[in-house]
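In what follows, a structure is listed as structure tokens, so that the remarks can point back to it.
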Amino acid sequence: MRSGFVAVAGRPNVGKSTLVNALCGGKVAIVSDKPQTTRRRIFGIANADDYQLVLADLPGFQRPRDALTERMQRTVDTAFEDVEGVLFVLSARERIGAGDRFIAQRVYSLGVPVVIALNKVDRLKPGHIAQQMTAAAQLGDFHALHPVSAKTGDGVGELRDELVALLPEGPLYFPQEQRTDLSVETQIGELIREKALWLTRDEVPHAISVEVEELDDKVLRANVLVETDSQKQIVVGKGGSVIREIGTRARPEIEHLLGYSIFLELVVKVRPRWRRDEATLERLGL
Ligand SMILES: Nc1nc2c(ncn2[C@@H]2O[C@H](COP(=O)(O)OP(=O)(O)OP(=O)(O)O)[C@@H](O)[C@H]2O)c(=O)[nH]1
Ligand SMILES: [Mg+2]
């Protein structure tokens, strides 16, 4: 049995969580088109008869602006301890630049193998992919470089084999049927937040958090927190249309996760400056 941990590093929005989901063969982390979707460390576990690969999906590297983003960056900083390697994710659709070089400085100094995933190569011209591979290779002394599409699954199997080969012989860290370390409540909160992220824009997605208030075999009550009244108006929508749509989109995934039907009640609440409030962040597990 080979087993161990690999940290997933990269700029916001390059597709780290999409790739972790693809590597694990199922959804463990939520995904959106907005940067800073991932706020906490999430273990995504790829299990097979002869290996257990535990991927630590992480927030993107960023300059902290408030208590929330400070905690997110601290999560990233501490996640590099005790890993067998780093999966450094780059987007083939963006210029490889200063942000990537900043992260490269950090990951190449850890003393563990760095595997680069050049993601989002779907529908790109081979010439462009080759150029981006050259730029990616210049970031440091990498162990391997894989062009992949987390979206289509292209190259994901080869990348998984590469990562498994980094693992030493070891024990099972999680039961083999488990795919993530998040509690059911946290997974549900994340699913609701995911739908809210897709339906809002500008500053609003960053101001949204979800707390599950009550969960039993019939009822799920959750609060969607925002920071201001105008954000609340946006998330509620005309006649409740937006919050209703969030519920409609989240419910099937929640019921799939739970394995039973629920009555879902979502309430939008204003919690001023929650992103700067250490006590609230603590309670939200951030
Ligand atoms: N075309 C294309 N889009 C992708 C691919 N992988 C991810 N995306 C899109 O990129 C966006 C960001 O994906 P995420 O997986 O949330 O990115 P992330 O790096 O985890 O972002 P943060 O958690 O905010 O740091 C989403 O709109 C995804 O659908 C890919 O292989 N191809
Ligand atoms: Mg993410």
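The values are calculated or read from the model by the stated rules, or taken from the named source; none is laboratory data. Since the structure is predicted, the reported quantities are computational estimates derived from the model, not experimental observations. Virtual Cβ from ideal backbone geometry, glycine too; neighbours counted across all protein chains shown. When the accessible area is computed, the model is the full protein with side chains, heavy atoms only, and any ligands, DNA or RNA have been set aside. Shrake-Rupley method; radii C 1.70, N 1.55, O 1.52, S 1.80 Å.
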Can you return the lysines within cross-link range of Lys151? Criterion is Cα-Cα under 19 Å, with same-chain partners fewer than 8 residues away left out. Lys16, Lys27, Lys34, Lys120, Lys125, Lys195
Taking Glu84, Glu227 and ranking on accessible area (1.4 Å, protein atoms only), highest first, one gets Glu84, Glu227
The chain, Gaussian network, Cα under 10 Å: of Ala56, Ala150, Ala48, the residue fluctuating most is Ala48
Per the 1.4 Å probe, what fraction of the accessible area of the range 62-119, in percent, lies on carbon and sulfur atoms? 46
Kindly work out what percent of the DSSP beta bridges joining two residues of the chain are antiparallel, to the nearest 5. 35
So what J values fall out for the range 267-272 if you push phi through Karplus, 6.51 cos²θ - 1.76 cosθ + 1.60 with θ = phi - 60°, rounded to Hz, Gly and Pro as x? 10, 8, 10, 8, 10, x
Using helices alone, what [θ] at 222 nm do you get for the chain, with -39,500 (n - 2.57) per DSSP H run of 4 or more residues, divided over all residues and rounded to the nearest 500? -10500 deg cm²/dmol
Pairing the Cα long axis of helix 67-78 with the longest principal axis of the chain, what angle in degrees results, from 0 to 90 and rounded to the nearest 10? 30
Would you mind working out the accessible area per residue for the range 16-60, using a 1.4 Å probe, and quoting it in Å²? 27
Could you give the nm distance between label points at Asp77 and Ala144, where each point is 7 Å from its Cα heading toward the beta carbon? 3.2
Over the chain, what is the relative contact order in whole percent, taking alpha-carbon pairs under 8 Å and six or more residues apart? 19
Mean accessible area per residue over the range 128-220 (1.4 angstrom probe, all protein chains present, square angstrom) is 51
For the chain, with a Gaussian network of springs between Cα atoms less than 10 Å apart, report the residue from Arg63, Arg74, Arg193 with the top mean-square fluctuation. Arg63
Find the relative contact order for the range 54-169 and round it to a whole percent, using C-alpha pairs within less than 8 Å whose residues are 6+ positions apart. 22
Do any chymotrypsin sites (Phe, Trp or Tyr not before Pro) in the range 185-282 lie in a loop, going by DSSP, with at most 15 other beta-carbon atoms within 10 Å of their beta carbon, and if so which? Tyr260
Of Ser17, Ser149, Ser109, the one that fluctuates the most in a GNM where the chain has Cα springs shorter than 10 Å: Ser109
Within-12-Å neighbourhood charge of Gln62 [Cβ basis; K, R +1; D, E -1]: +3
Which net charge results for the neighbourhood of Leu215, defined as the other residues with beta-carbon distances under 10 angstrom from its beta-carbon, given Lys and Arg at +1 and Asp and Glu at -1? -3
Report, as a whole number in µm² per second, the diffusion coefficient that Stokes-Einstein gives for the chain at 4 °C and 1.567 mPa s using the Kirkwood radius over alpha carbon pairs. 66
